[in-house]
Amino acid sequence: MKHTFTLGASTIPGEFIIPRLLSAMIGHLPEIELKVEISDSLKIFEGVRKGQYEIGIIGTRFDSTDVDFSVIVKDDRLVLITPKNHPFAAKEAIALGDLKGQNFITREKGSGTRAVYEKAFKDVGLALSDLNTVAEVGTTEGVIQAVEGGAGVAIVSELAAKEAIELKKVRALHIPVLRMIRDFSIITRKGKPLSKDASEVLAVIKTVMK
């Protein structure tokens, strides 16, 4: 008899990694209907820590004695994206100072993507307040669409923006002094045995993502 298993995921895994796993899930676990709840990395982390989810997939590593992290995707790079007609669009890379005063579309607090670029900014002496933040958007796809529509520039996962970049809806640039790379990890509650469903789902994810 078919039953539901709920998996927690932050935006990038939920929208761009888990869809790659679905055919394998259906093939290997036909009795399980996978339900994916998407939120920011912090909320999914807290959901696993508190037992709301047995398994989560997120892009930020939080210090915790309660949660185990297992990397499944290494070195997802963040890039600056601009509208195709933006003055930056003709460049391959820009200087850090070029960002100051730019209309900037940011992710919400708790987002793994935002945590990565805020840390990268801090490491080189730049603050988010040095940019002209015009909008805070709760999904990566929403950010990409806002940039495509000309609202400003943004920093997003290269994996997430791949299609928009290839279709030339946005332009991707690098800022050489910023190191903006992160991993995606499966998280589980430390010391708590997984249910049969969770163990089977986890095995499929690890096999597909090798």
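Estimate the FRET efficiency between K91 and L29 by the formula 1/(1 + (r/R0)^6), using the beta-carbon distance for r and 41 Å for R0, to the nearest 0.05. Efficiency computed from Cβ-Cβ geometry: 0.30.
Helical runs (DSSP H, four residues minimum) scored at -39500 (n - 2.57) apiece and divided by the length of the chain put the mean residue ellipticity at 222 nm at -9000 deg cm²/dmol.
With 0.36 nm allotted per residue and the present C-alpha distance subtracted, the V124-R77 stretch has 15.2 nm of extension available.
The dipole here belongs to the chain: it is taken about the Cα centre, uses +1 on the Cβ of Lys and Arg and -1 on the Cβ of Asp and Glu, and is about 240 debye.
The GluC sites (Glu not before Pro) of region 17-78 that DSSP puts in a loop, and whose beta carbon has at most 12 other beta carbons within 10 Å, are E31.
Select from region 58-115 those trypsin sites (Lys or Arg not before Pro) which occupy a DSSP coil region and have at most 15 other Cβ atoms within 10 Å, ordered by residue number. Write out the running numbers ahead of the final one.
Numbers: sites: R61, K74, R77, K84, K91, K100, R107, K109, R114; in loops: R61, K84, K91, K100, K109.
Within region 58-115, the qualifying trypsin sites (Lys or Arg not before Pro) (loop, at most 15 other Cβ atoms within 10 Å) are K84, K91, K100, K109.
Report, for region 75-182, the % of DSSP beta bridges that are antiparallel, rounded to 5.
Values: 10 of 17 bridges.
Here the share of antiparallel DSSP bridges comes out near 60 percent.
Please give the net charge around S195, taking every other residue with its beta carbon less than 13 angstrom from that of S195, where Lys and Arg add +1 and Asp and Glu add -1.
Working: positive: R189, K192, K196; negative: E54, D197, E200.
Spelling it out: positives minus negatives among the neighbours equals 0.
Read-outs throughout are calculated quantities, based only on the coordinates presented, and are distinct from any laboratory measurement. Predicted model, so just to flag it, every value in this text is computed and none were measured. Using ideal geometry, Cβ is built from the backbone for each residue, glycine included, and neighbour counts are taken over all protein chains shown.
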